[in-house]
Amino acid sequence: MTIFEAYNSTKKKLEAAGVEDYIFEAREIIKHITGLSSAQILANYNRKLSEFQQNNLIAIQHQREVRYPLQYIFTKWAFYGREYFVGPGVLVPRADTETVIDECKEYLKDKENAKILDLCAGSGCIGITLGKEFPKAEVDMVEKYEEACSYAEKNITHNNAYNVKLLKGDVFESAGADKTYDLIVSNPPYIPETEMSIISPETKFEPETALLAGDGGMEFYKEIIKNYTSSLKKGGMLCFEVGFSQSEQVSELLKNAGYKNISVKEDLNGINRSVSAIKE
């Protein structure tokens with residue numbers, strides 16, 4: 001089987017399995033099994049795959065046909081130009097979340113030695129990214145679950161994020177709230193129970209604890225605003241990732257808590273993805 005034949009076979013199998021981004025994924029899978037760049041693949045599309053490469057390809061195809069996340073198969077994934085280890089027990093970093101990073105960066109650009117708190121940190125992609133983008137900042141990340149903490153620690157080391165510290169704790173118990181911060185950011189669980197049955201097949205392999213939120217998806221937003229507003233400096237920013245159609249509700253929660261300058265930003269798909277506000 002040549003690289004070209006492998007690519008076409010993979011593309012057809014993924015499309016038949018209902019994978020939305022089957023062209024992109026087929027290309028990434030071929031890059032993964034061959035170790036070649038996109039340009040090298042084009043220059044060597046008639047090269048034959050080794051038996052090991054073919055067996056690896058078949059295994060990956062089977063996993064994707066049951067919609068096991070590609071990120072878990074690869075064991076690492078890119079986010080904001082950096083690489084993060086991921087696997088069962090931790091939420092997959094998504095391009096949508098880069099909207100949150102952009103919003104935080106805009107706020108932090110004139111802040112010297114900012115103190116940042118990332119709540120429900122998971123793999124650590126938000127806190128580590130901000131730590132790398134602002135090397136003079138001090139970043140604390142709070143994560144409750146042991147499996148996610150192990151990935152976060154690994155990603156801190158992998159990205160040489162020496163200004164980032166992981167705190168194991170629960171946002172419902174105000175973990176990390178004993179200090180004051182310039183920025184508090186969170187991508188908390190926000191999927192309502194009524195929508196868990198209609199999430200993508202891949203998402204069903206991710207930890208429910210990182211997805212499901214009570215109170216119609218508002219549970220974590222309410223708790224974070226209640227428990228951490230006192231830990232935010234005057235003029236500090238609180239920034240959330242939100243789910244589809246949740247921006248108005250979260251904006252209202254922030255308004256009722258006395259926050260000002262509430263801002264909603266869209267992701268690349270035109271969906272309201274981040275909500276930020278300033279503490280007076």
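The values are calculated or read from the model by the stated rules, or taken from the named source; none is laboratory data. Here the structure is a predicted model, which is why all the values come from computation and not from measurement. When we count neighbours, we look across all protein chains shown, and the Cβ atoms used for this are built from the backbone with ideal geometry, even at glycine. Remember, those area values only see protein heavy atoms, side chains included, never the ligands or the DNA or RNA. Shrake-Rupley method; radii C 1.70, N 1.55, O 1.52, S 1.80 Å.
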Note to self: Is it the case, given these coordinates, that Glu112 is open to solvent by 70 Å² or more (accessible area, probe 1.4 Å), closer than 22 Å to Glu223 by Cβ and among the acidic types (Asp, Glu)?
What the structure shows: no
Checklist line | Test: residue in the stretch 104-112 that is under 29 Å from Leu14 (Cβ atoms) and not acidic (Asp, Glu) | finding: no
Notebook entry, point to check: Which one of Ala137, Ala95 is of a type in the set (Gly, Ala, Ser) and crowded, with 18+ Cβ neighbours inside 10 Å?
Noted result: Ala137
Checklist line | Tally, over the stretch 215-244, of residues that are farther than 17 Å from Ile116 by Cβ, of a type in the set (A, V, I, L, M) and in contact with a Phe, Trp or Tyr (Cβ under 7 Å, 6 or more places away or on another chain) | finding: 1
Check: So is Leu167 over 16 Å from Arg67 (Cβ atoms), at pLDDT 95 or above, open to solvent by 30 Å² or more (accessible area, probe 1.4 Å) and not charged (D, E, K, R) or not?
Finding: yes
Next item on the list: For the stretch 1-37, enumerate the residues that are open to solvent by 50 Å² or more (accessible area, probe 1.4 Å), in a helix (DSSP H, G or I) and not charged (D, E, K, R).
Entry: Phe4, Tyr7, Ala16, Tyr22, Ile23, Phe24, His32
Next item on the list: Find the residue count for the stretch 231-256, including only residues that are in contact with a Leu (Cβ under 9 Å, 6 or more places away or on another chain) and of a type in the set (A, V, I, L, M).
Entry: 4
Item checked: Qualifying position, being within 19 Å of Ile33 (Cβ to Cβ) and in contact (Cβ under 8 Å) with a residue 40 or more places away in the chain, among Phe74, Phe79 -> Phe74
Check: Give me the pairs: first residue in the stretch 31-50 and touching a residue at least 24 places away in the same chain (Cβ under 8 Å), second residue open to solvent by 50 Å² or more (accessible area, probe 1.4 Å), beta-carbon distance under 6 Å, and six or more apart or on different chains, which are they?
Finding: Tyr45/Phe4; Leu49/Met1
Next item on the list: State whether one or more residues within the stretch 183-195 are within 21 Å of Glu98 (Cβ to Cβ), open to solvent by less than 30 Å² (accessible area, probe 1.4 Å), aliphatic (A, V, I, L, M) and modelled with pLDDT under 95.
Entry: yes
Next item on the list: Mind listing whichever residues of the stretch 96-115 are in contact with a strand residue (DSSP E or B) (Cβ under 8 Å, 6 or more places away or on another chain) and not hydroxyl-bearing (Ser, Thr, Tyr)?
Entry: Asp96, Glu98, Val100, Asp102, Glu103, Cys104, Leu108, Lys111, Asn113, Ala114, Lys115
Item checked: Residues of the stretch 254-278 satisfying the condition of being surrounded by fewer than 20 Cβ atoms within 10 Å (Cβ to Cβ) and over 22 Å from the mean Cα position of the chain (by Cα) -> Lys255, Asn256, Ala257, Gly258, Lys260, Asn261, Ile262, Ile278
Next item on the list: Answer yes or no: is there a residue in the stretch 46-68 that is touching a Lys or Arg at 6+ places or on another chain (Cβ under 6 Å) and surrounded by fewer than 19 Cβ atoms within 10 Å (Cβ to Cβ).
Entry: yes
